[in-house]
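The values are calculated or read from the model by the stated rules, or taken from the named source; none is laboratory data. Quick caveat: nothing in here was measured; it's all calculated off a predicted structure. Virtual Cβ from ideal backbone geometry, glycine too; neighbours counted across all protein chains shown.
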């Protein structure tokens, strides 16, 4: 019998979840939930699943064994806790949550209730990303020296105005870093390893009526001694494909969206020609550089397939809750450094107190 999936939150990204589930053997979409009836009905009509407007009712559906959470970033915790208590396995859209405490509560609830937990970072499942990781693990780069992530995207003012939660600390958890660049942050940490220290600057330069950054620049010191940078923006018209660069004493490589655009090593390997030929023509979408809907769902499908197998084999998913927490921690450290003007060391002992977040929360409560 296929594993029955239920989608929690029926906004734009839920369409990609539904398409991905349809592509996974041994999975089928049986239900969806949104507090707004029109949203759940829309997705149900498009996919043939059952629509719910009460979360408890969907979680009581015996056909649902796995849920995907596609609510705004700062509203992942509550449905994740409810799903874990109901004995449902949980897949959460990035970021896992917007504070470390909220991340930890999700992880603890899933472990306590014996259910699997995964965080959605589709980029790790692309063939080109896997080739980069394999080269790192085989030490083809020699001594790692630099690791850089560039996410120079564009979002219009209308994008931020389209939803009251967009551009807020309360539900977005941050701006260009937490919402858009977190995929590249996760990929960079996966390739380069953990970060020891960050020093950063952030600014809001091109958008109105948002509380968060639309430009961020951070310098990194990795635990292995290498240095690096993260540049993230939603204010770079018209928006370019995201790029990851890995450099070392014996090699360098660059990943642009799903394409490996540079692959240069001092010691040649018989696979190098194959990698260059196969991995330089794989981009099929704009990668969301200027249009958040211009992404593919194949990475989601691969992640969901791994998750189903993890349930079947009773193992941890490839990107579990602890993996999902790591990028949130790094981004929060970057925010803290930008606010204080000082370097911030990792791991963080607790959630950093961000004055910008406190200020907007007080403004919201006072309305």
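Given the options 57, 39, 82, name the one that is assigned to a helix (DSSP H, G or I) and more than 30 Å from residue 167 (Cα to Cα).
Numbers: 39 fails: more than 30 Å from residue 167 (Cα to Cα); 82 fails: more than 30 Å from residue 167 (Cα to Cα).
Checking each option against the conditions leaves just 57.
In the condition set (1) farther than 17 Å from residue 204 by Cβ; (2) surrounded by 24 or more Cβ atoms within 10 Å (Cβ to Cβ), residue 163 is compliant with all but (2). Among the residues of the range 118-131, just one is at pLDDT 95 or above and farther than 20 Å from residue 182 by Cβ, namely 131. Determine, yes or no, whether residue 146 is surrounded by fewer than 23 Cβ atoms within 10 Å (Cβ to Cβ), within 22 Å of residue 220 (Cα to Cα) and assigned by TED's automatic domain parsing to the domain that holds residue 16. Taking the combined requirement at face value, the residue does not satisfy it. Per the listing 99, 119, the residue uniquely surrounded by 24 or more Cβ atoms within 10 Å (Cβ to Cβ) and under 25 Å from residue 160 (Cα atoms) is 119. Can you tell me which residue within the range 236-255, out of those that are surrounded by 20 or more Cβ atoms within 10 Å (Cβ to Cβ) and farther than 22 Å from residue 195 by Cα, is nearest to the chain's Cα centre (by Cα)? Per the stated criteria, the residue is 241.
Name the one entry in 115, 185, 136 that is at pLDDT 95 or above, closer than 24 Å to residue 72 by Cβ and part of a helix (DSSP H, G or I).
Being at pLDDT 95 or above, closer than 24 Å to residue 72 by Cβ and part of a helix (DSSP H, G or I) holds for just one of 115, 185, 136, which is 185.
Residue 177 fulfils the conditions (1) at pLDDT 95 or above; (2) part of a loop (DSSP other than H, G, I, E, B); (3) buried (at least 24 other Cβ atoms within 10 Å of the Cβ) except for a single criterion, (2).
Taken as a whole, the condition of being part of a loop (DSSP other than H, G, I, E, B), in the same structural domain as residue 254 (by TED's automatic domain parsing) and touching a helix residue (DSSP H, G or I) at 6+ places or on another chain (Cβ under 6 Å) does not apply to residue 165. For residue 284, the criteria (1) assigned by TED's automatic domain parsing to the domain that holds residue 223; (2) exposed (fewer than 14 other Cβ atoms within 10 Å of the Cβ); (3) more than 24 Å from residue 233 (Cα to Cα); (4) modelled with pLDDT under 90 hold in every case but one, which is (3).
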